[in-house]
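As structure tokens, the structure follows; a few thoughts come after it.
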Amino acid sequence: MIYFGTKAIFKVELSEIETFREIMAWRNYLKMMDAFIKHYREKVAFSALLFRHMKFQYLVTRWGLVLFVFSSILLVGGALLSLLALQMTIGIVSLAFWFVCACIMYTLAYVFIKKAKVIIKTRYSIQPKKGAWQTKEFYQYQFKCFENQLHLFNLYDEKKLEFLINLIEKEIARGKPKEYLASGVYLALFVPLWVQFLTAIYKAVHVEVLSVAQEVLIFLGIGFGILIAIRIWGGYKKMFAETAELFQNNDSQTLSEIIKLSESALLKLKSEERKA
């Protein structure tokens, strides 16, 4: 396996290369790609264009998001414990904690967006829209920076861009876990917990010697609560996925951003060729 740097991104199996000349060519290409990734992180990525100018707000908002996610997990756990114990105290406390964390996160997000707008306006002369800093003009500015980078590394070519996209997609695929395997693990862990939960609920209900109507209402309430939890989690999952794209700074996220920008550059090149 060939790679460069202490935190190399691109790797190539030796079985994929045949001759010594090909090996040397790959070594040079991978070294160039390491420099390409480093340049992207330092000059083109959101962290370079925006977040490095507001490090304190960025760091505090990240930890605020972590706290909010933690409080959301506690909220669900508190609701389940309240059902198990048939007491509302735990659920009320977890709800109050979640509400406080939500207010903190809302305040941090407001300060973060306000600061981001100021930086975009003063440093890049881009007028942000009301309620958002991620404007079309800002993305166009980032794309222009990426185009300049492609020219700098002599990659602004249709075939080279297609090869670059293909190489990065393979690298991302290597690093992804098998989704069906992960789903199987989650299912194997969830089923026993769910069985124990239902058993505990059944025992708790019958210890109180409730009427049939009360038992039915409790189980209907549990079912309705589960549906609501699934609905809320679906919204949370989408929101967290979109927010994580801004705050993640790992290799996979960087490569995904480069693919999107490379595909846009490729479409622009093909469009220019058709017009010519």
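Read-outs throughout are calculated quantities, based only on the coordinates presented, and are distinct from any laboratory measurement. As the structure is a prediction and not an experimental result, all values here were calculated from the model. Here Cβ is always computed from backbone atoms with ideal geometry, including for glycine, and neighbour counts include all displayed protein chains.
When the Karplus curve 6.51 cos²θ - 1.76 cosθ + 1.60 is applied with θ = phi - 60°, which whole-Hz ³J(HN,Hα) does each residue of the range 161-166 get, with x for Gly and Pro?
Using θ = phi - 60°, the values come out as 5, 4, 5, 4, 4, 4 Hz.
Taking K and R as +1 and D and E as -1, what net charge do the other residues with C-beta under 13 Å from the C-beta of PHE56 add up to? Display every interim value, and only then the final one.
Numbers: positive: ARG52, LYS55, ARG62, LYS115; negative: none.
Net charge in that neighbourhood comes out at +4.
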